[in-house]
């Protein structure tokens, strides 16, 4: 399988057992034979989302694992990448994409990544495929509903 881009939503579901996507993302992580790409911008966004109390330790442990994982490529932040993301952000005023989403779209296009580990994302409408095939199963796509939102706890604990 080809490498995929991992977004904040993927990692948040992965570390939160109460997230409706958690079980699926755990299985997905085990099937990512081609590895994954993540940008430092996504890691900053993830750190912000996991900034409360014990969530910080969860973030720091995940970050350490990602940095030492040979199958994960961390794309460094750069002025050039930031400017390309800003350009897309300004160009696509018709979309509700965050700046990190725009930077992620730029990374996916530049790296020719055909899919990603994400859900509820703008990547399909960004001109990128909304999913990638892994072993006959589709990874998440824009129009896919989570398994269940009942009893969902927004915290990681």
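Some values worked out for this structure:
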item	result
Packing-based order for 59-65, 90-96, using average beta carbon neighbours within 10 Å, highest first	59-65, 90-96
Highest-first arrangement of 70-83, 45-58, 10-23, where packing means the average Cβ count within 10 Å	10-23, 45-58, 70-83
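Coordinate-derived values only; no laboratory data. Since the model is a prediction, treat every value here as computed from it, not as a measurement. Cβ: placed from backbone, ideal geometry, glycine included. Neighbour counts: every protein chain shown.
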